[in-house]
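Step one of this worksheet: look at the structure below.
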There are 2 protein chains.
Amino acid sequence: MHKRRYELNIVMIGSGNVAAVLGRKFRAAGHSIVQVYGRNAGTAGRLAAEWGTVAVQDHSQLSPDADLYMIAVADDAIGEVTREMKLPGKVVAHTAAAVPAAVLAGVTGHYGVFYPLQSLRSEMKQLPDIPVFTDGNDDMARDLLEQLARSISGGKVYHAGDEERLKLHVAAVVVSNFTNHLFVLAEEYCRKENIDFRQLWPLIQETASRVRDISPRQVQTGPAIRNDKATIRRHLEILEKHPQLRNIYLTLSESIRAGNGPAGN
Amino acid sequence: MHKRRYELNIVMIGSGNVAAVLGRKFRAAGHSIVQVYGRNAGTAGRLAAEWGTVAVQDHSQLSPDADLYMIAVADDAIGEVTREMKLPGKVVAHTAAAVPAAVLAGVTGHYGVFYPLQSLRSEMKQLPDIPVFTDGNDDMARDLLEQLARSISGGKVYHAGDEERLKLHVAAVVVSNFTNHLFVLAEEYCRKENIDFRQLWPLIQETASRVRDISPRQVQTGPAIRNDKATIRRHLEILEKHPQLRNIYLTLSESIRAGNGPAGN
């Protein structure tokens, strides 16, 4: 069967959250997943079943004739997964922000990165918007990965080399991992104080939605920015029973009070 | 004209973000704003014009026959605004989380609180969901404020006394003010590193939306939770040029690593 250029046969290496969501996006865009390679037989088998394909556990079983081998595993597993992998002539990419592309140089002469700047969960019902940052060591890798990104991501496709990807990753950690940690601490605090965390949902949504309309700097509110010492003191009294959150409260309030650089207030 | 019980004549005291948004919500629910009392003649005049009513600057000009006097001013302005205000027999409420209801005891025998647990901005085009926490010192204040809340807030109406409101406020500061501060620092970091902050929008939305589906504790990801020292070290190198964010990065990463209480991971 003759495939159009941007309908690819892809081997998915990994079976976690990123593999699951990217695989679904790829399939929805007309590409085929021809194999799932995963150390976890359970999750790899489930993805393979979902996609009507096969799961393999040993790199010697990897299909030799796919268009692309997408390595969607944890950062620190990329080295181990690729150690004995040889796919000369093939395009191989990983999805990690903080890992240089050249970690794949021993696998193939055409390697690159396909970094989805989004928090992906296997159980997602609706697939979210995913900005994709691609890179490649040569035209073959670059072109294929960029076209694949365009096929799943509308206009949100960018190029980013190792250094820029690492810088993006720092920003992503701040706005996602750290924000989520604040939600974790708030949920725990609510549980202990007998407050229904769900009452905070509309506020959480509004705070996040607003970044699209107005710079966060212009909407900073709360006792710290107005240096409302009486309210801060009363908050700290309540937080005596929550030392971990109290420590965060002090650090972030101090940072807010200190302003935000030369244009801060 | 005979009004149904829950169509109230309201004097709005204050002309900032909370006054503007609550006033619009009240009007959309069929209530009338009969006066806007505000020290800022510009913003009070604009709200009065928007609502087809009059703005007054002196408490002696306050209409004596409204059903409700809603004090929507900054926490630390409530004392000054109400110092010489006497409205015996009337229901008077403020909107502040961290201020006890009894601060209004000198104004009237029927006082209370109408606390909207939401971040409100005067320029909002669409009015967001607003959970409302009401309190009153007697049945007259409690009933009127609760009915008003029900008229604008669907099912999201709760009772909260001074102590519970203060506890809610702590949680609101954590999930909104602190989250927004992370966005401020990330935006500043992106500007300096020549990254387009808008590329992070989908990630910010997803992180916030997900709290509705799954506990934040179960979706904590990132280098800190997996104790990925190599990635953290590279992030800290990049953050050498961003000392304020670097400090936050260290504190929050340490907190994530420390786990989140007895059920943490």
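Residues of region B:70-95 with backbone nitrogen within less than 13 Å of a virtual label 7 Å along the Cα-to-Cβ line of B:Gln147, please, listed as ranges. Counting only backbone N, you get B:91. Where chain B is carried onto chain A by rotation, the Cβ closest to that axis, with its residue and distance in Å, is B:Ala208, 2. What is the sum of charges, Lys and Arg at +1 and Asp and Glu at -1, for the other residues whose Cβ falls under 13 Å from the Cβ of A:Trp201? Overall, the nearby charge balance is -1.
Antiparallel beta bridges, as assigned by DSSP with both residues in the protein assembly as shown, represent about 20 percent of the total such bridges.
Counting only other chains, what is the mean number of Cβ atoms within 10 angstrom of the Cβ of each residue in peptide B:250-256?
Numbers: counts 1, 7, 11, 4, 3, 10, 7.
Shielding by partners across B:250-256 averages 6.
The contact residues of region B:184-201, meaning those that lose at least 40 Å² of 1.4 Å-probe accessible area when all protein chains sit together rather than their chain alone, are B:Val184, B:Glu187, B:Glu188, B:Tyr189, B:Ile195, B:Gln199, B:Leu200, B:Trp201.
Summarised as an ellipsoid, chain B has semi-axes of 43, 20, 17 Å, derived from the eigenvalues of the Cα gyration tensor scaled by 5 and square-rooted, with the largest first.
With Rg and the Kirkwood Rh both taken from Cα atoms, where does Rg over Rh land for region A:128-189? Taking Rh as the inverse mean 1/r over Cα pairs, Rg/Rh reads 1.16. With Rh defined as the Kirkwood radius, the inverse of the mean 1/r over Cα pairs, the Rg/Rh of region A:162-265 is 0.99.
Taking a cut-off of 15 Å, what percent of all Cα-Cα pairs in region A:91-145 are separated by more than that? Value for region A:91-145 (Cα pairs over 15 Å): 49 percent. Extension gain, A:Glu254 to A:Ala105, is 49.1 nm, computed as 0.36 nm per intervening residue step minus the present C-alpha separation. Buried surface for the B/A pair, taken as the accessible area of each chain alone minus that of the pair with a 1.4 Å probe, is close to 8600 Å² in total. Residues considered: B:Tyr189, B:Tyr158, B:Tyr115. Largest GNM mean-square fluctuation over chain B, using C-alpha springs under 10 Å, is found at B:Tyr189. Surface composition of the protein assembly as shown: carbon plus sulfur atoms contribute 48% of the solvent-accessible area (1.4 Å probe, protein chains only, all chains present).
Can you work out D for region B:23-173 in µm² s⁻¹ from Stokes-Einstein, where Rh is the Kirkwood radius over C-alpha pairs, the temperature is 4 °C and the viscosity is 1.567 mPa s? If you can, show how the numbers build up before the last one.
Details: Rh = 15.8 Å.
Translational D for this selection: 82 µm²/s.
Structure remark: mean-square fluctuation, Gaussian network model of chain A, C-alpha springs under 10 Å; the largest value among A:Leu47, A:Leu200, A:Leu182 belongs to A:Leu200.
May I ask what percent, to the nearest 5, of DSSP beta bridges between residues of region A:74-197 are antiparallel?
40 percent
Projecting label points 7 angstrom from Cα along Cα→Cβ for B:Lys192 and A:Lys86 puts them 4.8 nm apart.
Within the set of other residues whose C-beta is less than 11 Å from the C-beta of A:Gly136, count the net charge using Lys and Arg as +1 and Asp and Glu as -1. Local charge sum for A:Gly136: -4.
Exposed loop sites, defined as trypsin sites (Lys or Arg not before Pro) outside DSSP H, G, I, E and B with at most 16 other Cβ atoms within 10 Å, are absent from the longest region of chain B, namely B:126-225. Coordinate range of the alpha-carbon atoms in region A:53-126 per principal axis, descending: 35, 30, 21 Å.
Just tell me how shielded A:229-241 is by partners: mean number of partner chain Cβ atoms within 10 Å of each residue's Cβ, no decimals. Before the final figure, lay out the partial values.
Details: counts 0, 4, 10, 2, 0, 4, 7, 1, 2, 6, 3, 0, 0.
Taking the mean over all residues of the peptide, I get 3.
Please say if the protein assembly as shown is rounded, prolate or oblate, where rounded means a/c under 1.5 for a ≥ b ≥ c the square roots of the C-alpha gyration tensor eigenvalues, and otherwise the choice is prolate for a/b larger than b/c and oblate otherwise? Since a/c reaches 1.5 and a/b is larger than b/c, the shape of the protein assembly as shown is classed as prolate. Peptide B:128-137 has a mean shielding of 2, counted as Cβ atoms of other protein chains within 10 Å of each residue's Cβ.
Please figure out what share of the DSSP beta bridges in chain B is antiparallel and state it in percent, rounded to the nearest 5. Don't jump to the answer; show the numbers that get you there.
On the way: 5 of 28 bridges.
Counting only bridges with both partners in chain B, antiparallel ones make up about 20 percent.
Within the shell defined by Cβ-Cβ distances under 14 Å, the residues around A:Leu62 carry a net charge of 0, with Lys and Arg each +1 and Asp and Glu each -1. Label points for A:His59 are taken 7 Å from Cα along Cα→Cβ. From this copy to the others they lie 7.8 nm apart, shortest first. In chain B, the DSSP-assigned H stretches of four residues or longer account for a calculated mean residue ellipticity at 222 nm of -12000 deg cm²/dmol, using -39500 (n - 2.57) per stretch and the full residue count as denominator.
Per residue, how much accessible area does the protein assembly as shown have with a 1.4 Å probe, in Å²? Spelled out: the 1.4 Å probe surface of the protein assembly as shown, per residue, equals 41 Å².
The values are calculated or read from the model by the stated rules, or taken from the named source; none is laboratory data. The structure presented is a predicted model; accordingly, all values stated were derived computationally and were not measured. All Cβ positions, even for glycine, are placed from backbone atoms using ideal geometry, and neighbour counts span all protein chains on display. With ligands, DNA and RNA removed, areas are computed over all heavy atoms of the protein, side chains included. Shrake-Rupley method; radii C 1.70, N 1.55, O 1.52, S 1.80 Å.
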